[in-house]
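Below is one structure; the comments refer to it alone.
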């Protein structure tokens, strides 16, 4: 009788261990899917500015490797001498950073940096337009023409100052990884 009780207790313990292993495998598989979808969203939207995803793996109790983290390198360097192209690039970078359903803190940081560079590019575009203003027109005519032709709001300079203040507290790099 004691042998049967011991066998029964052993069978229950084995069943619990097996269930725990199966639960861990389910959780790892779900995390793997989430990580891959997250990084693929960055890559798909980032296009030419995004590199190939790389993953961090964990071996599951079944011996398989599951992705538990990852990153996609993305080029956030401005396009020298071309603020319009920089503006377009940073819009795409920002969309790529925020593409996953749940952007990470690093993703939001990249989006903010892209936003800062967008503000700077808009300010450069405004400066170029101001530099190209005809001296034969009055300032009121210049302002009217700019407001009709320029979709960039006049508050760009103020926004740029805000972003510069934020950027001063963080490092800027030309290649940053979007991570989960």
Here FRET efficiency (C-beta to C-beta, residue 79 to residue 57, R₀ 41 Å, nearest 0.05) is 0.70
What full-extension length gain, to one decimal in nm, is calculated for residue 131 and residue 101 as 0.36 nm per residue of separation minus the Cα-Cα distance? 6.6 nm
Which of 57, 66 has the fewest other C-beta atoms within 10 Å, and how do the rest follow up to the most? 57, 66
Calculated SAXS-style log₁₀ I(q)/I(0) at q = 0.16, 0.19, 0.21, 0.25 Å⁻¹ - region 1-104, Debye, Cα scatterers: -0.77, -0.91, -1.01, -1.19
Compare the peptides 2-12, 104-114 by average per-residue count of other Cβ atoms within 10 angstrom and give them in order, highest first. 104-114, 2-12
In whole Å, largest first, what are the principal axis extents of the Cα atoms in region 62-120? 54, 19, 13
Subtract the Cα-Cα distance of residue 7 and residue 30 from 0.36 nm times their separation in residues, and report this length gain in nm to one decimal. 4.9 nm
With a 10 Å radius around each residue's Cβ, average the other Cβ atoms per peptide and rank 44-54, 90-100, 13-23, highest first. 90-100, 44-54, 13-23
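Bear in mind that the values in this text are calculations on the coordinates, not laboratory data. Everything quoted here is computed from the prediction, not taken from an experiment. Note that we place each Cβ from the backbone using ideal geometry, even for glycine, and neighbour counts take in every protein chain shown.
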